[in-house]
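First up is the structure itself, then whatever we jot down about it.
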Amino acid sequence: MSNFTFDAIGTSWEIETPVPLGTPRLQRILERVERFDATYSRFRPDSLVSRIASSPKGGCFTFPEDAITLFDLYDRLHASTKGAVDPLVGRDLELLGYDRDYSLTLDVPGFRRHALARPIWSKDVRRDGISLVTSRPLVIDVGATGKGYLVDILASLLREEGCTSFVIDGGGDLLHSGGDALLVGLEHPFDARLAIGVAHVRDRALCASAVKRRAWGEGLHHVIDGRTGTPTRDVVATWAVAGDAATADGLATVLFFIPGDQLASAFRFSWVRMFADGRAEASADFDGELFT
Amino acid sequence: MTMGRMRRMAMIPAALMLAGVWNSEPKAQEPATVPRGGTPPASSQRTRYADGVYTATGQYGDQPSFITVKATLSDGIITAVEVTPHATVPRSLELQRRFAEAVPQVVVGKPIDQIKVGKLAGSSNTPDGFNAAVQRIKAQASR
């Protein structure tokens, strides 16, 4: 087994393959990651989303071709959660302190002003193929699905290169392809030395979301409910298993707001949710076990 | 007792109320009646539920069918729930099994080195910028 470790979008990644990928493939991977970052990073002043955030009268902004998959997924997630998932929570995140400089300082008056006219994905952004049309500055944050989406992009890249057996691990959001099933420990959200269960993952993606690690104050963490602009409560960790990582990533976020059973008609996936009081539940078709 | 805990206490009797009339055989002090929803009467907010294991068997339907629920109470919180289906009619048994599976359970953490896994899935590793910011804030706070 050969491992390629690299940093991307703020976390440590690892790609496992039976044999080493070789330098040209590694180059392609890193270039694709850089292109993703240059498009979607809120933390770079030169990124496309930063330009959209600072355009006083808005405009028409063209994204890379594969952005269609991402936007389509956001449309479905936004609709099936009645607005709880919304890429336009970017401004809320900044006002709560999770801004470009990581100031981690809450701007209460700013937040209140913003709440009076909070932008909504379905209303304030017009989609035109791979372009987004805006009429005022909007902060787009693709944190709900972006990492999974990048996992899928890299998986396509590997398949184009003729690799069919691999595991792409983007800091705990992973995609398995080919070979024996992967056993994945479900990390305890409050203690990284412990696991609360194990999932069996084969030719699919498992994505996890938890509130603990990016918390910067009482009740301040990074999973934002688009309907209120404030961090979610009660559910502290989620895991979703789906055919692709972008969907699994998005659903892991949605599970903070909505029980899995209510999404079963719109998406094919299995799941686990853990609550603040230590209880956890899993879908009937979850392939794995919880330690009880 | 807080509203949150009262709500959780109401969950078990409410589940059995779905079944109709039930006979309870609690091993500890008999709990005060709690309405299914809404605000409980003020006096019961000061009622303490004694720690212990509460078992009740609910009866429902024409056959009749039975289901037993055992709840362990510790310091006002339900720490374990066990549901035992007794149905003999296959459809009822299937439904009871699904109910039993659906009750969320308290999970225990096992040390990672004791389980055989290839990967771990949890929240993302914290970005470097975030960590640096936390260090900066800690440094400022200690001056």
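The values are calculated or read from the model by the stated rules, or taken from the named source; none is laboratory data. Bear in mind that the values here come from a model prediction, so they are computed numbers and not experimental data. Because the Cβ atoms are built from the backbone with ideal geometry, glycine has one as well, and the counts that use them run over all protein chains shown.
Only residues that are touching a residue at least 60 places away in the same chain (Cβ under 8 Å) and of a type in the set (Ser, Thr, Tyr) were counted in the stretch A:157-185, giving 1.
Between A:175, A:183, the distinction of being over 20 Å from residue A:268 (Cα atoms) and either in a strand (DSSP E or B) or modelled with pLDDT under 80 (or both) belongs to A:183 only. Within the stretch A:16-34, the set of residues being within 14 Å of residue A:147 (Cα to Cα) and surrounded by 12 or more Cβ atoms within 10 Å (Cβ to Cβ) comprises A:32, A:33. Screening residue A:92 against (1) at pLDDT 90 or above; (2) under 19 Å from residue A:256 (Cα atoms) leaves a single unmet condition, (1). Among the residues of the stretch A:249-263, count how many are surrounded by fewer than 20 Cβ atoms within 10 Å (Cβ to Cβ) and within 13 Å of chain B (Cβ to nearest Cβ). Of the residues in that region, 2 qualify. Contact annotation: residue pairs with Cβ atoms under 7 Å, 6 or more positions apart or on different chains, pairing a residue in the stretch B:103-114 that is under 16 Å from residue A:273 (Cβ atoms) with a partner that is assigned to a loop (DSSP other than H, G, I, E, B) and at pLDDT 85 or above, are B:105/A:292; B:106/A:292; B:107/A:291; B:107/A:292. Looking at the structure I just gave you, is residue A:197 within 24 Å of residue B:109 (Cβ to Cβ) and under 18 Å from the mean Cα position of the chain (by Cα)? Taking the combined requirement at face value, the residue does not satisfy it.
Before we move on, is residue A:114 of a type outside the set (D, E, K, R) and at pLDDT 85 or above? No.
Scanning the stretch A:264-285 for residues that are among the hydrophobic types (A, V, I, L, M, F, W, C), under 14 Å from residue A:241 (Cα atoms) and crowded, with 20+ Cβ neighbours inside 10 Å returns A:267, A:269, A:271, A:272, A:282. Applying a threshold of 9 Å to beta carbon distances and a minimum spacing of six or more residues, or different chains, the list of pairs starting in the stretch A:35-47 at a residue that is under 16 Å from residue A:147 (Cβ atoms) and in contact (Cβ under 8 Å) with a residue 24 or more places away in the chain and ending at one that is assigned to a loop (DSSP other than H, G, I, E, B) and of a type in the set (Gly, Ala, Ser) reads A:37/A:47; A:39/A:47; A:40/A:47; A:41/A:10; A:41/A:47; A:42/A:143; A:43/A:10. Checked against (1) under 24 Å from residue A:59 (Cβ atoms); (2) touching a residue at least 12 places away in the same chain (Cβ under 8 Å), residue A:113 passes all but condition (2).
Under the condition of being in a strand (DSSP E or B), surrounded by fewer than 23 Cβ atoms within 10 Å (Cβ to Cβ) and at pLDDT below 95, the residues counted in the stretch A:186-205 number 4.
Yes/no matrix, rows are residues, columns are (1) away from chain B (no Cβ under 14 Å); (2) within 19 Å of the chain's Cα centre (by Cα); (3) modelled with pLDDT of 90 or more:
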site	(1), (2), (3)
A:16	no, no, yes
A:19	yes, no, yes
A:36	yes, yes, yes
A:57	yes, no, yes
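Residues of the stretch A:1-10 that are crowded, with 17+ Cβ neighbours inside 10 Å and either part of a loop (DSSP other than H, G, I, E, B) or touching a Ser or Thr at 6+ places or on another chain (Cβ under 7 Å) (or both): A:9, A:10.
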